[in-house]
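Please read the structure below before turning to the comments.
Any read-out appearing in this document is the output of simple, stated calculations on the displayed coordinates, not a laboratory observation. Here the structure is a predicted model, which means the values were calculated and not measured. Virtual Cβ from ideal backbone geometry, glycine too; neighbours counted across all protein chains shown.
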Amino acid sequence: MTWYHSLNKPFLNPPDWIFAPVWILIYIMMSISFVLFLKSPGKNKAGTATLFVSQLALNLIWSPVFFGNMNPRGALIVIILLIIALTWTILAFYKYSKTAAILLVPYLIWVLFAAYLNFEIVRLNMYL
């Protein structure tokens with residue numbers, strides 16, 4: 001974490017302690033959303049379930065790319081792909097369960113904010 005703490009960060013960068021509780025809440029909402037999707041009526045859910053798993057995989061890949069590889073530029077690419085996959089997931093979930101889709105919206109907002117932070121770290125630290 002010494003590397004991360006040495007980086008120039010944007011003005012809106014929240015304190016480190018905020019990330020864990022926010023992610024816990026987001027993962028709880030994601031889990032509820034996925035269960036609601038699975039229990040909702042409808043057929044041919046495999047593609048939508050794959051979208052959900054894809055966005056989850058991108059979510060899980062971001063931290064090792066950013067922190068493990070110390071690669072903010074690579075992480076920015078991952079988070080852009082995550083935003084795309086998550087947006088598609090929300091739209092697909094909406095067809096089966098509006099509540100499941102709505103539960104993912106705070107997650108999308110948080111990821112958009114994280115993308116801003118990631119971009120600014122790239123910009124402020126001359127990774128462009």
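Structural remarks
- The chain, relative contact order [Cα under 8 Å, separation at least 6], %: 37
- Length added when fully stretched, Ala20-Leu91, from 0.36 nm per residue minus Cα-Cα: 22.9 nm
- For Tyr94, Tyr107, order by how many other beta-carbon atoms lie within 10 Å, fewest first: Tyr94, Tyr107
- The label-point distance for His5 and Ile102, in a model that sets each label 7 Å from Cα toward Cβ, rounds to 4.2 nm.
- Prolate/oblate/rounded label for the range 25-128 (Cα gyration tensor, a/c 1.5): prolate
- Stretchable slack from Tyr116 to Lys45, in nm (0.36 nm times residue separation minus alpha-carbon distance): 22.4 nm
- Counting every other Cβ atom within 10 Å of each residue's Cβ, Trp62, Trp17 order from fewest to most as Trp17, Trp62.
- Note on Asn69 and Leu12: the extension gain reaches 18.1 nm, defined as 0.36 nm multiplied by sequence separation minus the Cα-Cα distance.
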